[in-house]
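The values are calculated or read from the model by the stated rules, or taken from the named source; none is laboratory data. The structure presented is a predicted model; accordingly, all values stated were derived computationally and were not measured. We place every Cβ from the backbone using ideal geometry, glycine too, and count neighbours over all the protein chains shown. Side chains are part of the model used for accessible areas, which takes the heavy atoms of the whole protein and leaves out ligands, DNA and RNA. Shrake-Rupley method; radii C 1.70, N 1.55, O 1.52, S 1.80 Å.
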Amino acid sequence: MIIRKTERRDLPALLDIYNDEVEHGVATLDLHPRTAEQWDQWFADHSSDTHFILTAEIDGTPAGYASLSEYRSKEAYASTVELSIYVGRDFRRKGVASALMEAILKIARENPTIHSVVSVITSGNEASARIHEKFGFRFCGALHEVGLKMGALRDIDNYELLV
């Protein structure tokens, strides 16, 4: 497995991974698949030292990705980033998420402008909660019934890590 900075050529595969979760899962509370144009903008928004994307590649195929995104648009939040990790169905339970988490947190810790990494996890996603706790994230509380997806109201769990 190779963990590397995401390149434009990865975008179709990463979009497929994300849209699969949009359509069949609750790891994201997006309701509609993203378009290639939206994904191009997402890629452009992640081209700085604090907001970026890493791709996990197995045998030449993008297996998943991790991103650090803007947490909130107000300037006071600039030292906080939001972490997202998505792994393709065929690559789950193969250590991809752990490899991505390790790599992205290493970069975050080396960046003096990043102080806090947060994750918002749909409640019930035990695999995501476990990996966050494994890497030192702390549960900070839940917001109840804030999203409606697949016919059910969904809670979200907030996690933080000070780097």
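Below are the figures for this structure:
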{"item": "Helix-only [θ]222 nm of the chain, DSSP H runs n ≥ 4, -39500 (n - 2.57) each, per residue, nearest 500", "result": "-9000 deg cm²/dmol"}
{"item": "Extension gain (nm, one decimal) between Glu23 and Glu7, 0.36 nm per residue minus Cα-Cα", "result": "3.3 nm"}
{"item": "Cα gyration tensor shape of the range 1-78, rounded if a/c is under 1.5, else prolate or oblate by comparing a/b with b/c", "result": "oblate"}
{"item": "Separation of alpha-carbon centers, the range 122-149 and the range 1-68, rounded to whole Å", "result": "20"}
{"item": "Cβ-defined net charge surrounding Val96, 12 Å radius [Lys, Arg +1; Asp, Glu -1]", "result": "+1"}
{"item": "Gyration tensor (alpha-carbon) shape descriptor, the range 1-159, a/c threshold 1.5", "result": "rounded"}
{"item": "Cα coordinate range in the range 65-163, projected on the principal axes (Å, largest first)", "result": "42, 34, 20"}
{"item": "The range 43-113: trypsin sites (Lys or Arg not before Pro) in DSSP loop, at most 14 other beta carbons within 10 Å", "result": "Arg72, Lys74, Arg92, Arg93"}
{"item": "Per residue accessible area in Å² of the chain, where ligands, DNA and RNA are left out and the probe is 1.4 Å", "result": "56"}
